[in-house]
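The values are calculated or read from the model by the stated rules, or taken from the named source; none is laboratory data. Only a predicted model underlies this, so the values are computations on that prediction, with no experimental measurement involved. Note that each Cβ is placed from the backbone with ideal geometry, even for glycine, and that neighbours are counted across all protein chains shown.
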Amino acid sequence: MTVALVLAALVATAAVLLVAVPFLREPAPNEDTLPEPKDSGKRALAHAEERDRALSALKELEFDHRTGKLSDADYRELVGAYRRRAAAALQGIEPAK
Amino acid sequence: MADLGRAALFVSLGLAVYATVVGAWAARTHKRRLSDSAGNALLAALGSTAVAAAVLLSALLRHDFSFAYVAQHTSTELPTGYSISAFWGGQEGSLLLWLLVLTAYASAAVLINRRRAPDLVAWSVPVLGAVAVFFAFMLVAVSSPFETQTAPIEGAGLNPSLQNPYMLAHPPLLYLGYVGLTVPFAFGMGALLAGRTDERWIVATRRWTLVAWTALGVGQLLGAHWAYVEVGWGGYYAWDPVENAALMPWLAATAFLHSVMIQEKRGMLKVWNVLLVILAFCLSLFGTFLTRSGVVNSIHSFTESPLGPWFLGFICVVTAGSLALVFWRLPLLRTKTRLESLVSREAAFLYNNLLLVALCLTILWGVAFPMLSELVRGETRTVGRPYYDFFLRTFGLPLLLLMGIGPLIAWRRASLRSLGRMFVWPAGIAVAVGVVLLALGAGSSTPGLVAYTFSAFVLATIVLEFVRGTRAVGSFTQLVGRNRRRYGGYIVHASVVLLALGVAGSGAYGSTAERKLSPGQSLSVAGYTLTYRSLSQQRGANHIALRAAVDVSRGDKLVARVQPGKNRYFAEQQVSNEMAIHTDWLRAEDVDVIADQINPGGAIYFKVLVKPLVNLIWVAGLVFLAGALVALWPDAREQRRLAARYALAEA
């Protein structure tokens, strides 16, 4: 019983220490706020996601065309549209930066 | 030591409450150190839960019957392996395993993502904490594994059906799957709470979902094999509610893994993906509720328990809360992107999703209907195999076909000419296979013939995809290496085909014979002759084994001697059926021999089943695991691209 209680107290102490570590390690932080993305950051992220989607789409179009899944006419039409989309996304990232 | 276990669980509960309350406060007020502290509470909860688990495991190994749980689930004669597996053989131990796995997953998710996505982790911690609070509370207040008593001389032992090596792997894998679905749920809810509807939560949880989904899939196949070799009825899946409980979240997670690709590639289906994550998690809770509440009369529900109302209440709270959250964030989740064509890869994914969810909900209705019927009308109704088989055919066969069609269609749109060119070989091969099978007599079962034909179509598609892709890229390893998820997915599709072949073969084209035989007598089935020779009795570690010697012949040739029988367990005072299996590798079929009733005079009522292609189901498990590992393997190029993307947002 006594041993169990001592061990239980050790477990509880270790837990409290682990929970307190962020406060013990940084005695006086100047900055204690979670990094919240600004609106410009959110816009940049949205453009970056759109850019990645467009670039990935261009790769897929190329692959689907080479494997015969996409006709020449469809490929030409779609590749133009996605190049424009990628370019627009890249342009969007610059001002957001 | 029970005091230590109880205290450790109290500490876990306190830490989980801290992670929930303080974590939510920290996320709301954007306090970084407080948020880190809440995350650390989950790490500490893992430590204290591990201490509780170690106490229980030690008691099980020492056969310390002063622990009521140990006395109820082990005996001194129980082999060590099964004493360990008794940890999850009962309700209290299973809940402890849930909490242990949950805190382990939560700790790993926090450690991996807290620097990459601190704002997302900040809101995910209270969600993970809230789930941990529920399970820790159950263990502390409702169903403790540390109840003590005056130690009896001997324990009750473990149910004989659970005394199988699969008991060491099947339940832990299912728990890894069930509990693993908490991580995508927590991050999905965390993203909604934070108002972050970008793809970061999907990127952060993709692998967690894959791990949970793989564990659930492999766990179910191990369970099926366990049922096949151990339960002694010659089947592997009985549509038991508890079996269905594992299948439903797996189906929902399968739908999510497909539809999430549409969000990544096209920015569509944001609401749908969140709903699928909620569905998968709620179904995993529902699965635990079914297994542990004793609400359904099933082979797995060994104990009636007071857990039911708590679980049901928690499931209702989680469902209502998460749906309210989705509704609140609906304006942020709406997207402008639309489907460009109904004949495109993304459209095929959408159809696949609808079929998977329809199958999942149909099974859910089959499981829930008897309970609702009893609750509302006071009548006990059962939903049997014909119901499930009908819907498996209705949704499963089109799903199988879609697995072949999807990869042949281009993303975004496809012209009829391209489609025709892509389909000609797989369709030709499928038709040829169908005609040959028809000529060989496979027309005796229309669903079986359709399943075989569709399987040939899908396999041809997969092979062609690899061949065409290798030609286009120039190297097989580069092809797979550059798109592990796609080609890992194709390998998983191949495993589903093997599964379909195994299920169709053993179900639609199997043969059965039953007869009472005395020593020297024979029965014949599907070209085999089985002759009963003698009956013997052996003593095992904790049981008496009765075994019949049966010669299996084909024509004049003796192909095997098998020994079906029964085990009588002393401590448990139960009898188990021990089926004997002869695998004929050349003919790709199993001969299952069951000694159903053993009469005192030595006559035995035998049941013999011949199951063609049944072993493909187990092979499918290995192929499934291989495909999942390919899909899971880290892709350094993708990680660099994602790191650059998120660095841009932070800058």
(message) Residues that are within 11 Å of chain A (Cβ to nearest Cβ) and over 26 Å from A:LEU7 (Cα atoms): list the helices (runs of 4 or more DSSP H) wholly contained in region B:10-119 that include at least 1 such residues.
(response) B:32-61
(request) Evaluate the following for B:ASP596: is it farther than 30 Å from B:PRO447 by Cα and in contact (Cβ under 8 Å) with a residue 12 or more places away in the chain? (result) yes
(request) Could you list, in sequence order, all residues of region B:486-520 that are touching a strand residue (DSSP E or B) at 6+ places or on another chain (Cβ under 6 Å) and of a type outside the set (A, V, I, L, M)? (result) B:GLY505, B:SER506, B:TYR509, B:GLY510, B:SER511, B:THR512, B:GLU514, B:ARG515, B:LYS516, B:PRO519
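Yes or no, residue by residue, for (1) surrounded by 22 or more Cβ atoms within 10 Å (Cβ to Cβ); (2) in a helix (DSSP H, G or I); (3) of a type outside the set (Ser, Thr, Tyr):
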{"residue": "B:GLU154", "(1), (2), (3)": "no, no, yes"}
{"residue": "B:ALA191", "(1), (2), (3)": "yes, yes, yes"}
{"residue": "B:THR205", "(1), (2), (3)": "yes, yes, no"}
{"residue": "B:VAL218", "(1), (2), (3)": "no, yes, yes"}
{"residue": "B:TRP226", "(1), (2), (3)": "no, yes, yes"}
(message) Residues that are within 7 Å of chain B (Cβ to nearest Cβ), over 30 Å from A:ALA87 (Cα atoms) and in a loop (DSSP other than H, G, I, E, B): does region A:35-54 have at least one?
(response) no
(request) Filter region A:21-34 for residues that are more than 7 Å from chain B (Cβ to nearest Cβ) and in a helix (DSSP H, G or I) and give the result. (result) A:LEU24, A:ARG25
(message) Quick check on this structure: which one of B:VAL140, B:VAL121, B:VAL127 is in contact (Cβ under 8 Å) with a residue 12 or more places away in the chain, under 20 Å from B:VAL17 (Cα atoms) and surrounded by fewer than 24 Cβ atoms within 10 Å (Cβ to Cβ)?
(response) B:VAL140
(request) Pick out the one residue from A:ALA4, A:ALA9, A:ALA73 that is facing chain B (nearest Cβ under 7 Å), farther than 29 Å from B:GLY195 by Cβ and either without any contact (Cβ under 8 Å) to a residue 40 or more places away in the chain or assigned to a loop (DSSP other than H, G, I, E, B) (or both). (result) A:ALA4
(message) For B:ALA59, only one of the following conditions fails: (1) closer than 18 Å to B:THR182 by Cα; (2) modelled with pLDDT of 95 or more; (3) of a type in the set (Gly, Ala, Ser). What is its number?
(response) (1)
(message) If I ask for residues that are hydrophobic (A, V, I, L, M, F, W, C) and under 18 Å from B:VAL357 (Cβ atoms), which ones from region B:213-252 would you list?
(response) B:TRP213, B:LEU216, B:ALA245, B:ALA246, B:LEU247, B:MET248, B:TRP250, B:LEU251, B:ALA252
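Per-residue answers, yes or no, for (1) out of contact with any strand residue (DSSP E or B) (no Cβ under 9 Å at 6 or more places or on another chain); (2) of a type in the set (Gly, Ala, Ser):
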site: B:PHE137; (1), (2): yes, no
site: B:PHE146; (1), (2): no, no
site: B:THR150; (1), (2): yes, no
site: B:LEU162; (1), (2): yes, no
site: B:ALA169; (1), (2): yes, yes
site: B:PRO172; (1), (2): yes, no
site: B:LEU176; (1), (2): yes, no
site: B:GLY180; (1), (2): yes, yes
site: B:GLY190; (1), (2): yes, yes
(request) Could you grab me the full set of residues in region B:417-443 that are surrounded by 15 or more Cβ atoms within 10 Å (Cβ to Cβ), modelled with pLDDT of 90 or more and more than 14 Å from every other protein chain (Cβ to nearest Cβ)? (result) B:ALA427, B:ILE429, B:ALA430, B:VAL433, B:GLY434, B:LEU437
(request) Mind listing whichever residues of region B:556-577 are outside any strand (DSSP E or B) and without any contact (Cβ under 8 Å) to a residue 12 or more places away in the chain? (result) B:ASP556, B:GLN573
(request) For region B:360-378, state whether one or more residues are touching an Asp or Glu at 6+ places or on another chain (Cβ under 8 Å) and modelled with pLDDT under 85. (result) yes
(request) Answer yes or no: is there a residue in region B:41-56 that is touching a strand residue (DSSP E or B) at 6+ places or on another chain (Cβ under 8 Å) and buried (at least 24 other Cβ atoms within 10 Å of the Cβ). (result) yes
(message) So, in region B:282-309, how many residues would count as being at pLDDT 75 or above and either of a type in the set (Gly, Ala, Ser) or under 23 Å from B:ARG334 (Cα atoms) (or both)?
(response) 3
(request) Could you tell me which of the residues B:THR453, B:THR461, B:THR446, B:THR470 is over 23 Å from A:ALA57 (Cα atoms) and surrounded by 14 or more Cβ atoms within 10 Å (Cβ to Cβ)? (result) B:THR453
(request) Among the residues of region B:633-651, write down those that are surrounded by fewer than 17 Cβ atoms within 10 Å (Cβ to Cβ) and assigned to a helix (DSSP H, G or I). (result) B:ALA636, B:ARG637, B:GLU638, B:GLN639, B:ARG640, B:ARG641, B:ALA643, B:ALA644, B:ALA647, B:GLU650
